[in-house]
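The values are calculated or read from the model by the stated rules, or taken from the named source; none is laboratory data. What you are looking at is a predicted structure, and each value in this text was computed from that prediction instead of being measured. Positions of Cβ are generated from backbone atoms using ideal geometry, with glycine treated the same way; all protein chains shown enter the neighbour counts. The protein model used for the area step is the full one, side chains on, heavy atoms only, and it has no ligands, DNA or RNA in it. Shrake-Rupley method; radii C 1.70, N 1.55, O 1.52, S 1.80 Å.
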Amino acid sequence: MPTGGVNVDNAGEWIKAGCVAVGAGGALTGGGKTAAEITETAKKFIAAVKAVRA
């Protein structure tokens, strides 16, 4: 389960490479994002992973 350097653009690639999960820190909450922005980013992470697993 990678945690460093994971972002919305590469989360699916990690899953394709055999990872069962990814961790997101700064890409999810960094930069003083609001709760709404964090929620939208989380939805993008989920969509990226689901797309690869489909």
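General remarks:
- Selection within segment 11-23 - open to solvent by less than 40 Å² (accessible area, probe 1.4 Å) and either of a type in the set (S, T, Y) or part of a loop (DSSP other than H, G, I, E, B) (or both): C19, A21, V22, G23
- Of the residues making up segment 24-43, those that are buried (at least 16 other Cβ atoms within 10 Å of the Cβ) and either part of a helix (DSSP H, G or I) or in contact (Cβ under 8 Å) with a residue 24 or more places away in the chain (or both) are A27, L28, T41.
- Counting the residues of segment 26-50 that are farther than 9 Å from V8 by Cα and in contact with a Lys or Arg (Cβ under 8 Å, 6 or more places away or on another chain) gives 0.
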